[in-house]
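Heads up: the structure comes next, in structure tokens.
The values are calculated or read from the model by the stated rules, or taken from the named source; none is laboratory data. Keep in mind the model is a prediction, meaning the values are calculated, not measured. Note that we place each Cβ from the backbone using ideal geometry, even for glycine, and neighbour counts take in every protein chain shown. For the accessible areas, the whole protein counts, side chains as well, though only heavy atoms, and no ligand, DNA or RNA atoms are used. Shrake-Rupley method; radii C 1.70, N 1.55, O 1.52, S 1.80 Å.
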Amino acid sequence: MTQNRWVAFRGWPVEALEFYEGLAADNSKTYWTEHLAFYEDRVRGPMRELLAELEPEFGPGKIFRPYRDVRFSKDKSPYKTHLGAWLALGGYIQLSADGLAAGSGAYRMEPDELDRYRRAVAGERTGTELTELIAAIESGGIGVRGHDSLKTAPRGYPRDHPRVALLRHRGLTTWIEWPPAAWLGTAAARNRIAGFLRASRPLRQWLEANVRS
């Protein structure tokens with residue numbers, strides 16, 4: 001992303017969200033081809049600029065391809081109705097007709113990671129630490145979500161464990177959504193993303209220390 005650092009991020013125009021409204025209504029190659037130049041310049045372009053400005057603190061970023069993998073899906077719509085990107089040091093950014101969203105953490109853990117996660121949650125020191133940092137993050141208006149959660153305690157753990165709700169998760173992330181607003185068309189969008197990622201950092205650090213090590 002370093003080659004784009006001299007281009008200042010100025011947010012997304014309202015037409016970028018309207019582009020995705022149109023794509024949701026007409027998810028066709030014709031629509032995509034007709035709007036490709038706009039997508040590259042006014043949708044993907046600002047995301048490249050944003051990632052370049054976030055890189056010094058959050059690592060290099062990568063923008064996901066706009067094409068859906070339809071091989072195993074009944075929905076054969078060829079294009080994603082959102083723009084997604086991730087940052088190497090932890091973070092996901094998404095733009096769609098619904099506005100801007102961001103996440104951080106571990107959406108899906110591998111079996112060895114899941115085993116370490118459950119041991120850490122069950123441990124008194126590390127489990128209490130996780131509970132406290134989640135409470136602190138949520139007090140700032142950021143949600144902490146479990147993903148692909150079991151209906152009951154995993155095998156080997158008591159159903160009445162004080163942190164059974166956390167033990168049931170197979171993924172754990174922070175997540176925030178901002179609906180369309182005028183600030184999306186300004187550099188304030190970068191500040192909100194950066195603020196979210198900083199507030200989410202304790203969860204990412206806990207996962208790195210206890211799950212991904």
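Summary of values
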quantity: Lone unmet requirement of (1) touching a strand residue (DSSP E or B) at 6+ places or on another chain (Cβ under 9 Å); (2) among the hydroxyl-bearing types (Ser, Thr, Tyr); (3) open to solvent by 20 Å² or more (accessible area, probe 1.4 Å) for Thr131; calculated: (1)
quantity: Wholly within the stretch 9-84, helices (runs of 4 or more DSSP H) carrying at least 3 residues that are over 20 Å from Leu184 (Cα atoms); calculated: 29-34, 45-58
quantity: The stretch 171-184 residues that are crowded, with 19+ Cβ neighbours inside 10 Å, paired with ones that are assigned to a helix (DSSP H, G or I) (beta carbon under 7 Å, 6 or more apart); calculated: Thr174/Ile137; Thr174/Ser200; Thr174/Leu203; Ile176/Phe196
quantity: Arg68 of a type in the set (Lys, Arg) and over 30 Å from Pro46 (Cα atoms); calculated: no
quantity: Residue ID - nearest to the chain's Cα centre (by Cα), chosen from residues in the stretch 85-97 that are in a loop (DSSP other than H, G, I, E, B) and under 20 Å from Thr173 (Cα atoms); calculated: Gly91
quantity: Pair list, Cβ under 7 Å, 6 or more apart: the stretch 59-77 residue closer than 17 Å to Lys29 by Cα and modelled with pLDDT under 85, other residue charged (D, E, K, R) and loosely packed, with under 15 Cβ neighbours inside 10 Å; calculated: Val70/Lys76
quantity: Counted residues, the stretch 135-163 - those being open to solvent by less than 70 Å² (accessible area, probe 1.4 Å) and free of Cβ contacts under 8 Å to residues at least 12 places away in the same chain; calculated: 2
quantity: Number of the exception - Gly105 against (1) assigned to a helix (DSSP H, G or I); (2) among the small types (Gly, Ala, Ser); (3) within 21 Å of His147 (Cβ to Cβ); calculated: (1)
quantity: Matching option when the condition is of a type outside the set (Ser, Thr, Tyr) and without any contact (Cβ under 8 Å) to a residue 24 or more places away in the chain, among Glu113, Glu132; calculated: Glu132
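One line per residue, one yes/no per condition, for (1) of a type outside the set (A, V, I, L, M); (2) more than 24 Å from Leu51 (Cβ to Cβ):
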position: Thr126; (1), (2): yes, yes
position: Ile137; (1), (2): no, no
position: Lys151; (1), (2): yes, yes
position: Asp160; (1), (2): yes, yes
position: Ile193; (1), (2): no, no
position: Phe196; (1), (2): yes, no
position: Pro202; (1), (2): yes, no
position: Arg212; (1), (2): yes, no
